[in-house]
Each structure stands twice: as structure tokens, then as C-alpha cells.
Amino acid sequence: MKFSKQLLYNAVAEWRQYYMDYGGLKKIISKFKKIQVAQQEGDESDSDNAKPKTDDEALPLLASSVRSPVLNRTASAQVLLDLEEANLDTRVSSRMYGATTDDFSDAIEKIETTFFNQLEINAQRVEGFYVRMEKELERISNALVRHATSGSKKDGEDRTLFYTSLRRRYVEHYLEIAEVLNFAELNKTGFEKIMKKHDKVRLH
């Protein structure tokens, strides 16, 4: 099972907004791949364009450039990102706009910045919720201990009912702790996996 589905199935519904946005971070990483493909296609296109063209080959190109002057522009990093956002075919994007190496580098730098900004936002959200829940669980634990000590003053049926209720509350509290620990573990795994995906694309 893919981790994105695992995260979806195992997340506590009421806490969903506090989990890391694994899918969103994956989408950002996918932009690296598209830019890399566009760059590779652009390099191949440059190699093809470097070959001498016959008059028959040159005339259609000249006519095309007259019809669409935009084809002669060099793409900026923002243009590349806009094209990617619009889901245009990357080989068309790179060849049509004649992007330079600097353009591709700028585009990748922008994506890298976006990725780490979003990673930080996700980490802060997860940590903030975990710390808040940790304090709440500690408060409940202390309250249960105090409540348990008061049971020694009860007798007979009241004592039995008291400890039955207390046992049930301890079981509920144990489940609450388990959910918070699972929240932490799922997010920890998610951050590890997303960084591996990032490094695989950027370092290989």
C-alpha cells in the first residue's frame, strides 16, 4: 500500500488537518521531474537545431516564427513554472520557448524554495499539535491519579461502581495515548519518506 493511502486510512478523522500534507509535498517534488524532462528535451532540441537546415526546412520555420513571435522568446523561470502549472507538455514547453540553462536553474531553485517552505510549515503544524496533545494527556493522567486516590474513601457498591468507572476511563485514556503516538509515528514516517523522494530526484 502506498504511504499516501496508509496515511489516509490510519489518520484520526478529527485530527486530519494537523497531519503532514504528504500528497502536496509529493506534487512539488514531481515538478522537479517535469523540469528535468523539459531540460533534457530542450537539450535534444538544441542539438537538432544545431544541424544545418536546407532551404525547404528553413522556410516553414520562418513562416511559423512570423505567425507566432512568442515562439522566439527565451523562457524565464516563472514562465517555465506557469507552463508546468498549466500541465502543458514539457517537451513542447522547452522547445517552444527555447529555455536556457539559467532558466531551468532558476525554475528548480524556485521549486526547491517552495518545497522547503512547505516542509517547514508542515513540520510546525505537526509539532504544534503533538505538543498540545502531549500536555493535555499529561493533565488527564494527573487528574486520573488524583481521582483514583479518592476511591479509597468509598465503601460497598459505591466503591465497586467507582472503580468500574475508573477502569473504563483508564482504558479510554490508554487509547488516547495510542492515537497520539500513532499520529507521531505516521508523520515521522511521512517526513522520512518525503525527504527520500526529494533526495532521489535532486541528488541522482
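The values are calculated or read from the model by the stated rules, or taken from the named source; none is laboratory data. What you are looking at is a predicted structure, and each value in this text was computed from that prediction instead of being measured. For neighbour counting, all protein chains shown are included, and Cβ atoms are generated from backbone atoms with ideal geometry for every residue, glycine included. Note: areas computed on protein heavy atoms with side chains; ligands, DNA, RNA excluded. Shrake-Rupley method; radii C 1.70, N 1.55, O 1.52, S 1.80 Å.
Here are a few things to note about the model shown:
- Any chance ASN72 is modelled with pLDDT under 90, loosely packed, with under 15 Cβ neighbours inside 10 Å and in contact with a Gly (Cβ under 9 Å, 6 or more places away or on another chain): yes
- Pairs meeting the criteria (first residue in the range 136-155 and under 21 Å from GLU179 (Cβ atoms), second residue open to solvent by less than 70 Å² (accessible area, probe 1.4 Å) and among the β-branched types (Val, Ile, Thr), beta carbons under 8 Å, at least 6 apart or on different chains) are LEU137/ILE177; LEU137/VAL180.
- Test: residue in the range 127-146 that is assigned to a helix (DSSP H, G or I), at pLDDT 95 or above, farther than 18 Å from HIS173 by Cα and not hydroxyl-bearing (Ser, Thr, Tyr): yes
- Selection status of ALA178, assigned to a helix (DSSP H, G or I), surrounded by 11 or more Cβ atoms within 10 Å (Cβ to Cβ) and modelled with pLDDT of 85 or more: no
- Sub-7 Å Cβ pairs linking a first residue in the range 103-117 that is closer than 15 Å to LEU25 by Cα to a second residue that is assigned to a helix (DSSP H, G or I) and small (Gly, Ala, Ser), at least 6 apart or interchain, are LYS110/ALA77, ordered by first then second residue.
- Qualifying residue in the range 139-162 (condition: within 27 Å of the chain's Cα centre (by Cα) and either open to solvent by 80 Å² or more (accessible area, probe 1.4 Å) or of a type in the set (A, V, I, L, M, F, W, C) (or both)): no
- For beta carbons closer than 6 Å, sequence separation of 6+ or different chains, a first residue in the range 26-46 that is closer than 17 Å to THR100 by Cβ and in a helix (DSSP H, G or I) and a second that is open to solvent by 70 Å² or more (accessible area, probe 1.4 Å) and modelled with pLDDT under 75, the qualifying pairs are GLU41/ARG91; SER45/ARG95.
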